[in-house]
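Asks: I'd like to ask you about the structure that follows.
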Amino acid sequence: MGDLPVLNLLPDEFYEQFLSELAVNRTDDAIRELMPLENRPGLISMLVGKPNSSSFPITSLSFTAQDPNDASKEIAIRLTPEELEVGLQYSPTQGVPEFVDWLYKLQEVSHGRKRGEGWKLSVGNGSQDLLYKAVTSFVNPGDPVFLEAPMYPGVIPLFQTIRCNIYEVETDAKGICSHKLRAMLESWPASNPKPKILYTVPYGCNPTGMTATLERRLEILALAREHNFVILEDDPYFYVYYGTAPRPPSYFSLEREQPDVGRVIRFDSLSKVLSSGLRLGFASGPLTLMRAIDRHSTNANLQPNSMAQILVISVLSRWGHDGFLTHTQRVSEFYRAKRDVFETALRRHLTGLVEWVTPESGMFMWFKLLLTEDDDEEGDSAAAIRTHAFERGVLALPGTVFLPSGRKTAYARASFSLLEPPQVDEALRRLKDAILDARSAAKK
Ligand SMILES: Cc1ncc(COP(=O)(O)O)c(C=O)c1O
């Protein structure tokens, strides 16, 4: 990356309008606020009620990890006494410093965003934890929000519980339909407040598998500026991109070139490439908004799990950023192969019964069930998937669960991450029978 332009950062006060009442009223944790002072040389701290680690029963931890350059080789790792101590102890709200430092560097490598340029990074118990904290920090009950649809169903209940006024933004094979969002915004009734946030999954969207094109991303960024909203870029599939075209830059990266910077909060996840059980994700965004998320953490669960962070950084520090990227490349090749097997079997068993667009990232196939002979009528996949497919011995999700409105749709989602080729073949053979069952039931 060449010389970077001087950034026109939005000032801290700008973000006050984006904070929910909950976030404004939330106060700091008196102890955690002072914890950074403990690092002052020579200081004797009597601040925190940290248990004395000599009373902890775990005395060593050794494990092996893959060599990123040769997955058949293993690297032996034994935590040093200092690492073990950090892992077993309370640690800072935003994350274990060594891990946080590594992640800042990763954001620079992957998105061209440098530490100290008006943004902040915090670790959470998976990106889901940070998404929950972000939404409750930015949205008041009844507030309007833009959600791309179909969308990740894991956050629909969150927006519904806060009783948000949900405006769905359509997506298609090129990702989020920025032109449709523009049309919505340009005809917005003057008496209605416009949404303050837009939620989108930019690569390998769950469930559609679509990746938003560069043009769409740029238009969304322009709209965010023109109509004053913040983009929640939920991106667990960034490192699982296997499209043939080069991966377009993230919103977080692209906004660096915008006339003003600071309308994107990016949510990364280590779940799809390192471990989903360790529950580690991280968010990167404007200082004021990230501090609101941290304050929620201090109130809710104090911090993400120290040991999970130590385990991961002990691997990542040996791998380096290049090693991590080599590893993620291998992971994305793995899912590309899974996708190919699935798509071949789809063609074999379901041609004429379903329609789909080939996903370019992630682990999902989103397909439309052709349940009626009438092309104009949108069928409903719910019975075919919930009843007929289940009876035939195959489980998938009907598309309605991915729509905040819960309206009927002919689409369904199948995850291909775990299945071996014979299982894919059998599952899709059963699905074919289920669709034929649903078709005959519809005729009765
Ligand atoms: C779009 C999307 N966002 C967030 C998550 C949650 O990820 P994490 O495991 O990091 O909490 C998922 C998990 O499947 C997802 O698909």
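Asks: For the chain, set up a Gaussian network in which alpha carbons nearer than 10 Å are linked by springs, and say which option among Lys194, Lys338, Lys73 fluctuates the most.
Replies: Highest fluctuation of the listed residues: Lys73.
Asks: Right, next: Once neighbouring chains are kept in place and the probe is 1.4 Å, which whole percent of the accessible area of the chain is contributed by carbon and sulfur?
Replies: Working: 10630 of 20100 Å².
The nonpolar share, carbon plus sulfur, comes to 53 percent.
Asks: Here is a further query. In terms of the Cα gyration tensor, with a ≥ b ≥ c the square roots of its eigenvalues, is the range 218-316 rounded because a/c is under 1.5, prolate because a/b exceeds b/c, or oblate? Show your work: numbers first, answer last.
Replies: Numbers: a/c = 2.83, a/b = 1.30, b/c = 2.18.
Note, shape of the range 218-316 comes out oblate.
Asks: Where both partners of a DSSP beta bridge lie in the chain, what percent of those bridges are antiparallel, to the nearest 5?
Replies: On the way: 30 of 48 bridges.
Of all bridge pairs located within the chain, approximately 60 percent are antiparallel.
Asks: Report the calculated FRET efficiency for Phe63 and Leu287 (r = Cβ-Cβ distance, R0 = 45 Å), to the nearest 0.05.
Replies: Values: r = 36 Å, r/R0 = 0.80.
Efficiency computed from Cβ-Cβ geometry: 0.80.
Asks: Find the relative contact order for the chain and round it to a whole percent, using C-alpha pairs within less than 8 Å whose residues are 6+ positions apart. Let's see the in-between values first.
Replies: Details: 779 pairs, mean separation 82.2, N = 444.
Averaging sequence separation for qualifying contacts and normalising by length gives 19 percent for the chain.
Asks: What distance in nm separates the two pseudo spin-label positions at Lys180 and Asp433, each 7 Å out from Cα along the beta-carbon direction?
Replies: Simple spin-label model gives 3.6 nm for this pair.
Asks: Give the range of the longest stretch in the chain that excludes all GluC sites (Glu not before Pro) found in loop regions by DSSP and having at most 11 other beta-carbon atoms within 10 Å.
Replies: Details: sites that count: Glu373, Glu377.
With a cap of 11 other Cβ atoms within 10 Å, the longest stretch comes to 1-372.
Asks: With an 8 Å Cα cut-off and a minimum separation of 6 or more residues, compute the relative contact order for the range 230-304 in percent.
Replies: The value is 29 percent.
Asks: Pull out the extension gain between Thr387 and Glu33, defined as 0.36 nm times the separation in residues minus the alpha carbon to alpha carbon distance; nm, one decimal. Write down the numbers at each step before the final one.
Replies: Numbers: separation 354, 0.36 × 354 = 127.44 nm, distance 5.35 nm.
Additional length available on full extension: 122.1 nm.
Asks: Could you tell me the calculated FRET efficiency between Thr372 and Glu215, based on Cβ-Cβ distance and R0 = 41 angstrom, to the nearest 0.05? Intermediate values should be presented prior to the final figure.
Replies: Working: r = 34 Å, r/R0 = 0.83.
For R0 = 41 Å, the calculated efficiency reads 0.75.
Asks: If each of Arg330 and Ala190 carries a label point 7 Å out from its Cα toward its Cβ, how far apart are those two points in nm?
Replies: Computed distance between label sites Arg330 and Ala190 equals 6.2 nm.
Asks: Normalised by the number of residues in the range 328-443, what is the relative contact order in percent for Cα pairs under 8 Å and 6+ residues apart? Present the calculation step by step, with values, prior to reporting the outcome.
Replies: Numbers: 174 pairs, mean separation 34.8, N = 116.
Result for the range 328-443 is 30 percent.
Asks: Using the basic label-point model (7 angstrom from Cα toward the beta carbon), what is the Asn25 to Phe56 distance in nanometres?
Replies: 3.6 nm
Asks: Note the full-extension length gain between Gln160 and Glu343 as 0.36 nm times their separation in residues minus their Cα-Cα distance, in nm to one decimal. Provide the component values of the computation, followed by the final result.
Replies: Values: separation 183, 0.36 × 183 = 65.88 nm, distance 3.42 nm.
Stretched fully, the Gln160-Glu343 segment lengthens by 62.5 nm.
Asks: From the square roots a ≥ b ≥ c of the eigenvalues of the alpha-carbon gyration tensor of the range 126-284, which class results: rounded (a/c under 1.5), prolate (a/b over b/c), or oblate?
Replies: Values: a/c = 1.62, a/b = 1.20, b/c = 1.35.
Judged from the Cα gyration tensor, the range 126-284 comes out oblate (a/c at least 1.5, b/c at or above a/b).
The values are calculated or read from the model by the stated rules, or taken from the named source; none is laboratory data. Keep in mind it's a predicted model, so treat the numbers as computed, not measured. As a convention, Cβ positions derive from the backbone with ideal geometry for all residues, glycine included, and neighbour counts pool all protein chains shown. For the accessible areas, the whole protein counts, side chains as well, though only heavy atoms, and no ligand, DNA or RNA atoms are used. Shrake-Rupley method; radii C 1.70, N 1.55, O 1.52, S 1.80 Å.
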